[in-house]
Amino acid sequence: MPGDGVLIGGAGTGFSQPHEHRRVELGRDIVSAAYIRGDFVLSSGGRSSYYFDKYLFETKPTILRRLASFLAEMVPSGIDRLAGPELGAVALVTALSLETGIPFVIVRKGSKGYGTSRLVEGELHEGERLLIVEDVISTGSEALNAATKVRQAGADVRGILAVIDREQGGAENIAAAGFRMEALYRLSDLPV
């Protein structure tokens, strides 16, 4: 009975949903927005019968905002700077930076032939503790390339944080290279 100290709620009542329920709901929304079946070549060169089109979930403010909120909870303490590999993780790292207040850099695939020709764009200081932010991890090669570049620029890479781990050896490859990786979702967590 209302008024006896029991909270009665549901969609639209203003009461917050349990954390895990919101995470599952976000996972469903990511799959609905960005999971595609077909024949695809991945950045690793491997072939796949499905693809997570990161641009289809990262360009939707309702999904990106919730991703930033969940990822912010996963950022280890003591991180000085975030890093997002171009182009795929730039929107993601920007949203996470806005959510946490932690500044970020963008890691280029290759140096441009004009201006500063830097591989790491933005302010980065020697010895800063840095977290790589990635969208989808398959083999982990893109994340490892970004980690190598920021390490060469003087950063102390503390880990790699991803939205989705496709469970295709990326976590193992990243661990073998000496980095810690966390993902908000493993493929087996998602309703695909």
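The values are calculated or read from the model by the stated rules, or taken from the named source; none is laboratory data. No experiment lies behind these values; they were computed from the predicted model shown. Glycine also receives a Cβ, built like all others from the backbone with ideal geometry; neighbour counts cover every protein chain displayed. For accessibility, only protein heavy atoms count, side chains too; no ligands or nucleic acids. Shrake-Rupley method; radii C 1.70, N 1.55, O 1.52, S 1.80 Å.
Below is a table of values for the structure above.
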read-out: Solvent-accessible area of LYS60 with every protein chain in place, 1.4 Å probe, in Å² to the nearest 10; value: 80 Å²
read-out: Accessible area, probe 1.4 Å, largest first, for residues SER138, SER77; value: SER77, SER138
read-out: Calculated from backbone phi, Karplus (6.51, -1.76, 1.60) coupling profile of region 69-86 in Hz, x at Gly/Pro; value: 5, 5, 5, 4, 5, 9, 5, x, 5, x, 6, 8, 7, 9, 9, x, x, 6
read-out: Mean Cβ count within 10 Å, highest first, over the residues of peptides 119-129, 37-47, 65-75, 155-165; value: 155-165, 65-75, 119-129, 37-47
read-out: Sequence ranges 182-190, 92-100, ranked by mean other-Cβ count within 10 angstrom, highest first; value: 92-100, 182-190
read-out: Amide H within-cut-off set for PHE104, under 5 Å, with H built and near neighbours excluded; value: LEU82
read-out: For region 30-36, Karplus couplings with θ = phi - 60° (6.51, -1.76, 1.60), whole Hz, Gly/Pro x; value: 5, 4, 4, 7, 9, 8, 10
read-out: Backbone HN-Hα couplings from phi across region 138-150 [Karplus 6.51/-1.76/1.60, Hz, Gly and Pro as x]; value: 10, 8, x, 5, 5, 5, 5, 4, 5, 4, 4, 5, 6
read-out: Aspartates and glutamates with Cα under 16 Å of LYS149, excluding same-chain neighbours fewer than 8 positions away; value: GLU86, GLU121, GLU123, GLU126, GLU128, GLU134
read-out: Options TYR55, SER69, ILE30, ranked by Cα towards positive dipole end of the chain, top entry (Cβ charges); value: TYR55
read-out: Whole-number percent relative contact order across region 81-164, with pairs defined as alpha carbons under 8 Å at least 6 apart; value: 32 percent
